[in-house]
1. Can you compute the helix-only [θ] at 222 nm over the chain? Use -39500 (n - 2.57) per DSSP H run of at least 4 residues, normalise by all residues, nearest 500 deg cm²/dmol.
2. Within the P(r) computed for region 1-64, what percentage of the Cα pairs occupies the region above 19 Å?
3. Between Leu29, Trp64, Leu40, whose Cα lies farthest towards the positive end of the dipole of region 1-93 when Lys and Arg beta carbons carry +1 and Asp and Glu beta carbons carry -1, centred on the Cα centre?
4. Which of the aspartates and glutamates could a cross-linker bridge to Lys398, judged by Cα under 17 Å and excluding same-chain residues fewer than eight apart?
5. Using a Förster distance of 35 angstrom, determine the FRET efficiency expected from the C-beta separation of Lys360 and Leu483, and round it to 0.05.
6. Can you give me the Kirkwood hydrodynamic radius for region 371-426, using every pair of distinct Cα atoms, in Å to one decimal?
7. What Rg and what Dmax come out for the chain when only alpha-carbon atoms are used, in angstroms?
8. Tell me, what is the Rg over Rh of region 392-489, with Rh the Kirkwood radius over Cα pairs?
Amino acid sequence: MKKTVTRFAPSPTGYIHIGNVRSAIYPYLIARQNDGTFILRIEDTDQARYVEGATELIEDTLKWLGLEWDEGPEVGGENGPYFQTERKSHYIEWAARLIKAGRAYVDDTPSEKIDEYRKADNGAKIPYLYRNHRPANANKTPEENFALMGEGHPIRFKTIPKDYEWHDEVMGDMKTGPEVCDDIILIKKDGLPTYNFAHIVDDAEMGVTHIARGVEYLSSMPNYLALYEALGLDRPYFLSLPHILAPQGNKKLGKRDGAKSVTEYRDDGVLPEAMLNYLACLGWNDGTEQEIYSKTDLLKAFSIDRIQNSGARFDEVKIFWYNGQWIRKIFTEQGIDELYSRTEGFWPEAAANEPDDYKKKVLSIIYDRLKTLSDLRTMTEYFFVDPKIDLSQITENKFLKKLSESELIDLMTMTIERLNDVDDWSEENLQNELNELLAKSGKKPAEFFSLVRIAVSFAPFSPALHQTLSVLGKDKVLYRLNLVRTALNNA
């Protein structure tokens, strides 16, 4: 059987979009499942839209997600080069084959004349097809056309309009009539190929067996099939991936719909495992209720026939849900050291000089509340710097606002005196001490525990109180409780 070869062929025209990355995940999984080859190819022929550094961003994103490529930039391979601008001679050679076979021609029609054709057809309300205005060059001999090559004119395909039928692994059986076949441009004036031609040449030379790309290319399929036919190439497997839709579900997801680049999500503290999991499941499921998939799980469960043929709505809330699940999964299965290794750059500035052991203690009691690693900046500040006292958080708290100042001061005093005598500052013992204090206070749990929690953190929420006190340490806890008692006395 023919070796499975897949590819991801992005254009370096800016940030790497959520949809771009999904178009890399599926071919990666197909190649790995079949002991095949996954190729990274950079389609950089659109020099007008080329963005400096975009290629490096693409490579970095794939590495971050664990989508290593077998051939391509950096790693090389037997089918290089892997930048289309470096393959110019390949496209000219294949275009020359078509000219020789009478299936392509050099088009010296001025662009102004082409505009006239288009306007005339639009005015007559008929579909604009260039083949209806085919120039005399189309009927010249190959030798005459070869003589015109290299003079700054585009090379066009000479189509033979006909019906086409094909099978799409996602969309099913498809067919079109001759009305969509046209004399498409193969080589542009600048000597570089169009996408329509370049990807067919590259896929043929690189032995690509499965082509996964967005459903927007379906309308161009008849022209692609015509090229395969004219060049005598076998058709690969086609996978047309439905759009990722905006959250409202009414259109294709765009930057204006709030979707950030993959790099921005990474900078926000989204884990690569979570992003890979989310994107793989955005338009695919294995028919079970399972939602959490590692890369290993995906390699076992993924199948082409389970890719949805309708669009999937983008849901940023779901990304953060996945991320929270993966934070807990890593902590539970791989331990605190592994999770801590992911947190560099996400701590508050005040934590910069704190020892790793202390930050690990903080992380071990806060991790299950994190949606992203960047939450550490806001959720752990009070572990590293004394919070600003804001008595309104106490006096306006729904559980505490009914208590008088004297009641609050008495509760603080009782707590300080009891905790001052505690020698065993472990979580377990602190839980016992707090429970006894609660019983002695005669207050409801929400009242007593809320007062102590706010006094030591002044944060909207915190981990379990006994864990928070244990990590903060006795001296820091008593210091903060005394400050709040003094503030209440002076209120």
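Laboratory data are not the source of any read-out in this text; all were calculated from the coordinates shown. Note that the structure is a prediction, hence the values are computed from the model and not measured. Here Cβ is always computed from backbone atoms with ideal geometry, including for glycine, and neighbour counts include all displayed protein chains.
1. The helix-only estimate for the chain comes to -13500 deg cm²/dmol at 222 nm.
2. 34
3. Toward the positive end, the furthest listed residue is Leu29.
4. Hits, sequence-local ones excluded: Asp390, Glu407, Glu447.
5. The calculated FRET efficiency here is 0.80.
6. Across region 371-426, the inverse of the average 1/r is 14.2 Å.
7. 31.9, 104
8. The Rg/Rh ratio comes out at 0.92.
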